[in-house]
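**Student:** I have a structure here, written as structure tokens, and I will follow up with some questions on it.
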């Protein structure tokens, strides 16, 4: 292959990935024109008068918010902070925790805020599908007011349909995501161009002086309006979170080549329409279109919002999967919907929890305007945490000096805090919901982690040192059973409880005994050459460590096959797996509040099967139980 042919193939691949990224990465931020400008001027709590200065000032804020927050902060800067190619707040937190130069105290603080940021993402995951689909279906009111009563039922029906197809995977549907979203951006750009052509003076809003003048002339209303202006960047975290699926270059190409120009043309087109006819504030997005195009535009908008919702749902799946691997949630059923793409997964329990929460939200708020009051504050919190983490990465990973890092990320943090202050005015009007929802998820995460620590401590206290156990076995005349026994354990230096129970009741051990532990590393994926580490402890005993990244699924049988390269082979039909099964009882031990103990016990009892999670064949597993008191 010549260099020219190779270059052409590379460019074609980047273009294909950029098209695919449109549907997954830009669905959320791409549907913001449906409601963002409308909420600035028609907010029932603090409506902004539609005057030329106000319209130009708001559009100037929109432009510079997209330029600074999305283009500079995320697309150019933070996308450099990848963890082996993966992005997102959990991946960024893991990257921070691996920095040796960062003090243990700073790492504990980073861990706390990283988990809270991930928890806030769940609040966003509930609101985004609700407000996106609802705002699209509200176009029915523009077609004819008589259809207004069908908006909420139709929204719920669409959302139920979206969640019903999750179990089948998004591989087939995903093929059409890119082209549909590309068509969406082309259409919204065309709508904007028509309006701008009627009033090209609207382009003066590109000058920053209009944004500054607007805030000076309207200090109170201007600050409150920032909460609605922030809606134009609510999908920015997806740019970073989905980086591992597409890479930096395709995401940047899609942003600067199509998404950003289309968004700006549409926002400025809505502004031009408002200057011409302030009564169009009822729904400036749909009223930009000619009457004959309303039905096709409504269909396209609904498709685009379904795609945006799918992206957030997939993000919730990924965050949950990472949390399981890092030990912050119990084992949940994870179904892989694609044999080719590891990231395409389906979590039934998460799916139905999300759907019920979203339906309740739609029934409670009933309109995108009311939902907009709840939208934004959770995203702002996540953005602040991302900025702080990126500062640490810039200092300790990129080698930036303290002054350079502080100046750049300090300025970005100041912008984030301004938007947080503006969004805090929404708390009473509905902004409390994502905060409460996120706080609930955060409580579950830290309670599970703390409960596991207390349980592991009891396991350590009652365990027998491994070396002493092996020496006692070697000196005794314990019978040898043909085959290999695999004892799964989390305790490296102690004999597993299941092993002690097995010896106590069966009075024999297998010819070969492998003590296998699964270690989840703070990296996305582990190279197959580093997957297993084998250590011979004696003639009969071996220690095996299986290493798994936080974006991977543990597969014990598959990993054990790799041990053949390290002088330890496992014959499937001659290998038996032994797992400990703990029963937890409530007691008066210190370490956790009583209500958190009850919560942990409830989570523990509903955790998924260890054998299924580790992909161990059920007909090769023996579980040995033990009781513990918290």
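**Student:** Would you please name the residue that is nearest to residue 461 (Cα to Cα), looking only at residues in segment 608-619 that are loosely packed, with under 15 Cβ neighbours inside 10 Å and free of Cβ contacts under 8 Å to residues at least 60 places away in the same chain?
**Tutor:** 618
**Student:** The conditions are (1) modelled with pLDDT under 80; (2) within 22 Å of residue 249 (Cβ to Cβ), and residue 27 fails exactly one of them. Which is it?
**Tutor:** Of the numbered conditions (1) modelled with pLDDT under 80; (2) within 22 Å of residue 249 (Cβ to Cβ), the odd one out for residue 27 is (1).
**Student:** Any idea how many residues of segment 271-301 are within 21 Å of residue 39 (Cα to Cα), under 29 Å from the mean Cα position of the chain (by Cα) and surrounded by fewer than 21 Cβ atoms within 10 Å (Cβ to Cβ)?
**Tutor:** The total comes to 1.
**Student:** Of the residues 605, 589, which single one is in contact (Cβ under 8 Å) with a residue 60 or more places away in the chain and surrounded by fewer than 14 Cβ atoms within 10 Å (Cβ to Cβ)?
**Tutor:** 589
Yes/no matrix, rows are residues, columns are (1) over 22 Å from residue 563 (Cα atoms); (2) out of contact with any helix residue (DSSP H, G or I) (no Cβ under 8 Å at 6 or more places or on another chain):
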residue: 446; (1), (2): yes, no
residue: 453; (1), (2): yes, yes
residue: 457; (1), (2): yes, yes
residue: 471; (1), (2): yes, yes
residue: 475; (1), (2): yes, yes
residue: 484; (1), (2): no, no
residue: 488; (1), (2): no, no
residue: 519; (1), (2): no, yes
residue: 527; (1), (2): no, yes
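**Student:** So the check is Cβ under 7 Å with 6+ separation or different chains; which pairs have a first residue in segment 310-325 that's in contact (Cβ under 8 Å) with a residue 12 or more places away in the chain and a second one that's surrounded by fewer than 22 Cβ atoms within 10 Å (Cβ to Cβ) and part of a helix (DSSP H, G or I)?
**Tutor:** Note: pairs meeting the criteria are 310/162; 323/445.
**Student:** Does residue 190 meet the test of being over 18 Å from residue 55 (Cβ atoms) and either in a helix (DSSP H, G or I) or at pLDDT below 95 (or both)? Even if it seems obvious, please write down each step before you answer.
**Tutor:** Details: over 18 Å from residue 55 (Cβ atoms): yes; either in a helix (DSSP H, G or I) or at pLDDT below 95 (or both): yes.
Here the answer is yes, as residue 190 does meet what is asked.
**Student:** For residues that are part of a loop (DSSP other than H, G, I, E, B) and farther than 27 Å from residue 556 by Cβ, tally how many sit in segment 597-623.
**Tutor:** Here the count works out to 0.
**Student:** Right, here's the next one. Within segment 1-112, which helices (runs of 4 or more DSSP H) (wholly inside it) include 3 or more residues that are surrounded by fewer than 21 Cβ atoms within 10 Å (Cβ to Cβ)?
**Tutor:** Values: elements: 3-25, 27-30, 36-42, 52-65, 89-97.
Per the criteria, 3-25, 52-65.
The values are calculated or read from the model by the stated rules, or taken from the named source; none is laboratory data. Here the structure is a predicted model, which means the values were calculated and not measured. So basically every Cβ, Gly included, is an ideal-geometry build from the backbone, and we count neighbours across all protein chains shown.
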